[in-house]
Structures are given as C-alpha cells and as structure tokens.
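In what follows, a single structure is set out as structure tokens and then discussed.
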Amino acid sequence: MLTAENEPQMYPSDFDLYLFHEGTLYEGYKVFGAHFDHVNSKAGFHFTVWAPNAQSVSIVGDFNDWEEGIYPLKPVKDSGVWTIFIPDIETNERYKFAIRTPSGELVLKADPYAFYAETRPNTASLTYRLDRYHWHDKKWMSKREKRDEYHQPMLVYECHLGSWKKKENEELLNYRELADELVDYLIANGFTHIELMPIMEHPYDRSWGYQITGYFAPTSRFGTPEDFMYFVDTCHQHDIGVILDWTPAHFCRDTHGLGKFDGTALYEPCDPKLADRPQWGTYNFDFSKHEVVSFLISNARFWMDVYHVEGFRIDAVSSMIYLNHNGDLPFDLRNKYGGYENLEAIKFIKKMNEAVYSQFPSALMIAEEATDFPMVTAPTNNGGLGFNYKWNMGWVHDVLRYMSYEPQERRHHQNLITFSMLYAYSENFILSFSHDELVYGKRSLLNKMPGDEWQRFANLRVLYGFFITHPGKKLLFMGSEFAQFDEWKDLEQLDWLLFDFPVHQNFHRYTIALNHFYQQQSCLWRLDHEGEGFEWIDADNSDQSILSFIRKGKRKGDYCIIILNFTPTVYHHFKFGVPSSGYYLEMFNSDAAPFGGSGQCNFEPILSIDTPYHNQPNSLEMTVPPLGMSILMKETKKRKLLIANDHLD
C-alpha cells in the first residue's frame, strides 16, 4: 500500500487549489485526472479528484483487481481534493475512483477529467498520455490567429460521425478513416468548416453525444485520442476548421458519471427542483459552484489547447439562461429578484467566453439560443453574453414555413421571407439547416417541399439559393447537400445509394457549384454582419412571389443582384432596378439544365437602361426562371470569359 510518505508534496499546489475554489482554474485538466509523471525516478500516474464529501477515495483498476483500499488517495488539506501517485502504472490501464459516500456506500466513478475511456457499454476510464502526437498544422494555426472570421466565408457541414458513412459490415469508421475520406468530401463540396455533433464520451448512442460522461475524452467509438488529433490535423492541413458541439447545460445520470459524484449533489444543484431536467432525463450543472465553473471552463479551453479545435456550438443556451425555458416543470422557478433568468448561468456564460477569448482570441463561440434574449453576440464589456455567433433559428423556422405552402399560397405569406431583415444585424447570425429540423418526424428538407418531383427539387434549389445569398454565415446538416430523401436516421448511414439517381446527382452538382460560387464572391460574405452589405431592390412583390436584393462587398463595385422566384411561373422581360448602368451577366442560375432545371437562363449579357426603377437609377429586363434563383453581376472581361467557358462545359 502506498503511504502518505511516498506522496509527492504540493500536488496540486496551493495556488491551483485557490484558483479551483475561486472558479478561475482554467487549465484544470493539467491538475485533475490521471497524469503521467516521474516521482523519485519512478514512472507512473498521478490521480487527482474533487470529492469533498467522501469518507475515503481509492483508485481501483485491473492493476489491483479492482480492490478498494490498496491505493487510497490522500486528502489535500481541507480542500475536498484527493490525490495519489502510483508508480509502474502503464498507459491504457482501466481505472475508476472508489468513493465511500457520507452514508458509507461504495460508488465506482469514472474520472471526470479522464482523457480516454472504454468503449461503451464498458464504463471505466483509461490512463493516457496526450503529449506524444506530432502536429502538422502549424501553418493553419498561425493563419487562424490572424483570421478575421466575421469578414470571411463560413459554410459549415454539420456531421454526426456515427451515421455519415459506415463500413460494409455496418461497423463505424474510425477517426483516421474519417479523416482520409470525409475531409476530401468537405473540400470537394465547398465547405469551410465541419461541426461535429458531440464527440465527448457518452454511454448511449441515441443521445447523439448530448448526454456526456467524459467531458475530456473523445469517444472511443471511433478510436483513440491520438486518432482524433489526426482527424483535426488533417482538417487543418486542408484548410477546414473544426467546431465541436458542446453541452455545458446538463449531463447524464448514469451511475459512473458526474451525478451524485461523492454521494451528494456535487456537479448538480442540491435543490432537486434546480437539478432535474425532466425533458432529457439529465441533471443541470450548478453554475453557482466555483469548482463546477472551473471544470467547465477548463473543458472548453482543453479542446482548443490540446486538440486545436476552432471553437464550439454551445447547445441549449436558452435552457441555461431561463429557469423555465423548456416548460416541462410542474412548478414555477424564479431568481432572487423574482425574474425567470438563471443569474448564475448568465454569469458563467460571460465568464466562460471571456476566459476562452483571453487565451484564444480567434475562437468561435456559437450559441444555439432560441429566444429573443438581447445581446447574445455583444461583448461582455458592453453588457452582452460574449458569444461571437448565434444560430438564426427564427429565420429557419420562418423560411421553412413559407416553403411548405403551395406556390400559389405564398403570395399571402411574403412577410415570412422578408421579416428577417428587420433584425438581421441585431446579432452575428449563422443560418442553420441543422439536424434539429430533420429528425423526429420533421422530414428531410426535400420532403418539406410541396409539389411533384420536379417542383420539390426546384423548390429546394431556390431555398438553398436564398440560404446562400441571405446575410449571415451558413450551416448545413449532412445529407442535405444531395437532397437526402428521408429524414435523418441516426443508426444508419446516409442514403448514398441516392447517387444512383440522376435527380440527386444533379442536385448535388448544384450544391457543389453554389458552395464554391459563394466562397469565390466576397460580396456574399464580406459584410455579413453590417447593414451596408445588403439592400432591397423589391421586397414587396408578393403577387408574383419574387424577391430581389443586392449583396455588397467592401470594395466599390463589388456587388451582386439576386432574384428569387418562389413560383413555377417563368417571367420573360421581367423588369427591375439596378444600381448602375452597363452590361450585367447572369453568373449563376439554379434552373440550369445540369442542375436538373428547365434551362430558363440568360446566356447573353443584359444591357441596363437609364430608366429609374425600384428606387434605383437604372433598370433592366431579363428572364426569371421558375422556382429559381438568378445572380447577376456587372460585366468584366474576367467574368465574361468565365461565363463563356461555363457555357462550353
């Protein structure tokens, strides 16, 4: 048995403990958990855990036949922290903390700070070293520090790794196989980032990773931590940013997890009314405890520090900031002032964002926030929550509702597709066609569209056209790029067999072309968050269900004109205003025959006339395609040559 005399002194240090209890130990992953070390010339692992109400804590594992008491941890003063160094422990050793609760019950808990875990259904933590991978993304990391995300294209591919693609025997692809196949797919399809649905360790596949037991461990379903480093590294070497879904709102109740960790409500609030999350069968985090704040902020910085990720989409922010957000409680919760806001959670969110940006100024901190809570993306020193992006869920719901109407009915609902411009610059928005819209009977995007087969695909093309040209960054859930027919099935791979059908081949060709066109045209993203980047030409043509507007870049003359027709009627000699005189080229048309359209395109340059129209000094006439989008730009030699080459193709 290891005695106190063998224990290294001052581990963790007094300063570490002070910061931890203050809620400012932002690199707690360097202190807590299992860490390889040398003590008295012996190699082994330090184990450190917070369990303030435990009678005793031991390490159990294969190395001691899971027997309690052989390796007891030593309490560090009166800090509630326990620690031990055990020599001759190897990497990939299974272990848990054996905790005697205040009532004398023995519970076996996985390490909250474990870097690696067994593959489900097994639940032990594994010793692991994270310092042996050799990164090859120095160029990307250097460029990232100087990157101005607000004025760059951002087209995110939301992906669930377990159902993107599987092997022939239905086994999951591992991180390295995904890196070698998925990254090439992202590049070919014109995406700039990938957002992974939570890859932190979780026991239940069908939680999709949103109910976590191992916040510091990439799930072993797909391989080792080094394998995941390889995945991120490969993305970066090919100029693809990596965003992780993250769930600091709640955690699962599985017995080996954080719940009732030392026999008491430790990570969750002591009051069951505040602790329980009935809708998801989980526990809420207790943001009033400084140690929990240290744990969560350390977790955010950990993934950026150790795994080089760009940032996070933070799940369920609304349920964090509002005590009764989900409406699933049989009682009414109020804060100390009588309001509905969770004051401790709001304070945590601000502190978290400040702590992340202080170390990683270019971090992406994206809020999934479904209410009109103000200033979500405003800096904390201006009274905001401090995120730099928010999902524009209002736009998604409005536009999908509009598209669900038969074309002849849309004239009565024009406000659904124009209302977003009244608040488009109130936050830094990301337009998100996410998994939330495509599961639990909500149907795929294609199956939300009305009409026969041709009209459904045409409707989806014009919807994507609006999506790409509307102000805001973009996110698209996997499978939507080739018009997945069925809604997302989380236990099956995407319906890759659809590529055998020309209609899906054509649609995929369309999204690839549109995505690449978006990246190449700075007027479609340079001023996404500034009102100067958008101007209506005509928002009020409800009779024909046509929208027209201008997207502008930073440079003078850098603009494009977008015409969207939400009916199957073709309009020849359609007149609208333009901002300057000269020849205009149709640079993109969703109705082009290679995309599955009817070919109602404008192949020749269009000369404007000096007749004011739509509050513009000039005007022109063109063919507007049915259920289609046209993008016009002023003629230049380079653009004229590009159009000529496209026509040859």
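The values are calculated or read from the model by the stated rules, or taken from the named source; none is laboratory data. Note that the structure is predicted; figures quoted are calculated from it, not measured. Cβ placement follows ideal geometry from the backbone for every residue including glycine, while neighbour counts extend to all protein chains displayed.
Every residue, every condition in (1) closer than 24 Å to HIS35 by Cα; (2) within 19 Å of the chain's Cα centre (by Cα); (3) of a type in the set (S, T, N, Q); (4) assigned to a helix (DSSP H, G or I), yes or no:
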| residue | (1), (2), (3), (4) |
| --- | --- |
| ILE187 | no, yes, no, yes |
| GLU195 | no, yes, no, no |
| GLY209 | no, yes, no, no |
| ASP227 | yes, no, no, yes |
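Looking across the stretch 55-68, the residues that are in contact with a Lys or Arg (Cβ under 6 Å, 6 or more places away or on another chain) and not in a strand (DSSP E or B) come down to GLN55, ASP62.
Determine which member of the set ARG94, ARG132, ARG100 is surrounded by 18 or more Cβ atoms within 10 Å (Cβ to Cβ) and out of contact with any Pro (no Cβ under 8 Å at 6 or more places or on another chain).
Being surrounded by 18 or more Cβ atoms within 10 Å (Cβ to Cβ) and out of contact with any Pro (no Cβ under 8 Å at 6 or more places or on another chain) holds for just one of ARG94, ARG132, ARG100, which is ARG100.
Each row is one residue, and each column tells you yes or no for (1) over 17 Å from ASP528 (Cβ atoms); (2) of a type in the set (D, E, K, R).
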site	(1), (2)
PHE348	yes, no
MET352	yes, no
PHE360	yes, no
ALA363	yes, no
GLU369	yes, yes
ASP372	yes, yes
PRO379	yes, no
GLY386	yes, no
TRP395	no, no
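The set of residues in the stretch 246-280 that are within 19 Å of LYS109 (Cα to Cα) and among the small types (Gly, Ala, Ser) comprises GLY257, GLY259, GLY263, ALA265. Residues of the stretch 314-343 being more than 17 Å from THR282 (Cα to Cα) and surrounded by fewer than 19 Cβ atoms within 10 Å (Cβ to Cβ), which ones? Across the stretch 314-343, the qualifying residues are PHE331, ASP332, LEU333, ARG334, ASN335, LYS336, TYR337, GLY338, GLY339, TYR340, GLU341, LEU343. For the residues ASP262, ASP233, the requirement of being of a type in the set (Asp, Glu) and touching a Phe, Trp or Tyr at 6+ places or on another chain (Cβ under 7 Å) singles out ASP233.
Of everything listed in (1) at pLDDT below 95; (2) buried (at least 16 other Cβ atoms within 10 Å of the Cβ); (3) not polar (S, T, N, Q), the single unmet condition for MET421 is (1). Listed conditions (1) touching a residue at least 12 places away in the same chain (Cβ under 8 Å); (2) closer than 20 Å to TRP488 by Cβ are all met by MET154, apart from (2). Out of curiosity, is SER580 at pLDDT 95 or above, of a type in the set (Gly, Ala, Ser) and within 24 Å of ASP558 (Cβ to Cβ)? Judged against the criteria, SER580 is a match. Residues that are more than 30 Å from ARG206 (Cβ to Cβ), among the basic types (Lys, Arg) and surrounded by fewer than 21 Cβ atoms within 10 Å (Cβ to Cβ) do occur in the stretch 559-580.
Whenever a residue of the stretch 262-280 is among the hydroxyl-bearing types (Ser, Thr, Tyr), its partners that are part of a helix (DSSP H, G or I), lying with C-beta atoms within less than 7 angstrom and at least six residues away or across chains, give the pairs TYR267/VAL292. Residue count for the stretch 84-105 satisfying the condition of being under 22 Å from THR213 (Cβ atoms) and either in a strand (DSSP E or B) or touching an Asp or Glu at 6+ places or on another chain (Cβ under 6 Å) (or both): 7. Residues in the stretch 235-255 that are farther than 18 Å from VAL292 by Cα, touching a Ser or Thr at 6+ places or on another chain (Cβ under 9 Å) and not in a strand (DSSP E or B): ASP239, ILE240, ASP254, THR255. Only one of the listed residues (ASP436, ASP452, ASP486, ASP490) is crowded, with 16+ Cβ neighbours inside 10 Å, of a type in the set (Asp, Glu) and not assigned by TED's automatic domain parsing to the domain that holds GLY597. That residue is ASP436. Scanning the stretch 521-557 for residues being surrounded by fewer than 20 Cβ atoms within 10 Å (Cβ to Cβ) and touching a Ser or Thr at 6+ places or on another chain (Cβ under 6 Å) gives a total of 3.
Of the residues that sit in the stretch 587-641 and are of a type in the set (Ser, Thr, Tyr) and modelled with pLDDT of 95 or more, which one is farthest from PHE501 (Cα to Cα)?
The first filter runs over the stretch 587-641 and keeps only residues of a type in the set (Ser, Thr, Tyr), leaving 590, 598, 608, 611, 613, 619, 623, 630, 636.
Narrowing the set further to residues that are modelled with pLDDT of 95 or more leaves 590, 598, 608, 611, 613, 619, 623, 630.
Working: SER590: 19, SER598: 18, SER608: 41, THR611: 47, TYR613: 44, SER619: 41, THR623: 29, SER630: 26 Å.
Once the filter is applied, the top-ranked residue is THR611.
Condition test on PRO203, is it more than 21 Å from HIS435 (Cα to Cα) and buried (at least 17 other Cβ atoms within 10 Å of the Cβ)? The answer is no for PRO203.
Reported count of residues in the stretch 582-602, each being within 20 Å of PHE457 (Cβ to Cβ), more than 32 Å from the chain's Cα centre (by Cα) and outside any helix (DSSP H, G or I), is 6.
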